[in-house]
Amino acid sequence: TIFRLTQCQNSKSLTQEFTFRSADKKPYQHVCGVMGFAKWNEVDAPMTLYQTGFRTLVPNMPAFVSVDDDIYIPGLFNLRNFGSAIYHQSSYTFWFKLTFTLGLRFDYERAEIDYNTSASLSATAMGIHMNPVYKLKGNDQKDFWTLLPKFSAKYDFSDRYMLYASIAKGYKAGGYSF
């Protein structure tokens, strides 16, 4: 046995979007909207590194050093993500068959983390007992934003068949891994 990890998560999220579209069937169509979201994730992820696991992970440790106990590493993490976007897309159909679409989306996201963890290594080396304690407590945040353009063209051959091509920029904001 090398280690044991238990992870309990409590996640909550809220999302809302408002979209406004053309209501008629004219050649010019548009879609615009705003959206927002919030996500909270509380994580309790304690880990126990067993003595045999420590020797496996640190194989070059001198033989005269002995690890006295298993290493318990508590881990409390609170992650929060907030985001919003505003977008617009315009389409124009020529001759009832050929449609060109242009779109633009502004996307913003903020990722935050609070962390609280520690580790204590009880060891003996050459008859001297050592018990260093390492603590890690704090928070961090990062903002992400981008512009996402889109262009597409569609040709309707009939009610059942069409040819479609699209070019769009995709994006996934970063965040924190606990």
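The values are calculated or read from the model by the stated rules, or taken from the named source; none is laboratory data. Fair warning: this is a prediction, and the values are worked out from it, not measured in the lab. As a convention, Cβ positions derive from the backbone with ideal geometry for all residues, glycine included, and neighbour counts pool all protein chains shown. Quick note on the areas: whole protein, heavy atoms, side chains included, nothing else; ligands and nucleic acids left out. Shrake-Rupley method; radii C 1.70, N 1.55, O 1.52, S 1.80 Å.
Within the option set Ser90, Ser152, Ser84, Ser66, being polar (S, T, N, Q), touching a strand residue (DSSP E or B) at 6+ places or on another chain (Cβ under 7 Å), modelled with pLDDT under 95 and not in a loop (DSSP other than H, G, I, E, B) holds for one residue only, Ser66. Scanning the stretch 134-151 for residues being open to solvent by less than 60 Å² (accessible area, probe 1.4 Å) and either without any contact (Cβ under 8 Å) to a residue 12 or more places away in the chain or over 26 Å from Glu109 (Cα atoms) (or both) gives a total of 0. The set of residues in the stretch 1-60 that are open to solvent by 50 Å² or more (accessible area, probe 1.4 Å), within 30 Å of Lys135 (Cα to Cα), assigned to a loop (DSSP other than H, G, I, E, B) and not hydroxyl-bearing (Ser, Thr, Tyr) comprises Ile2, Gln7, Val58, Pro59, Asn60.
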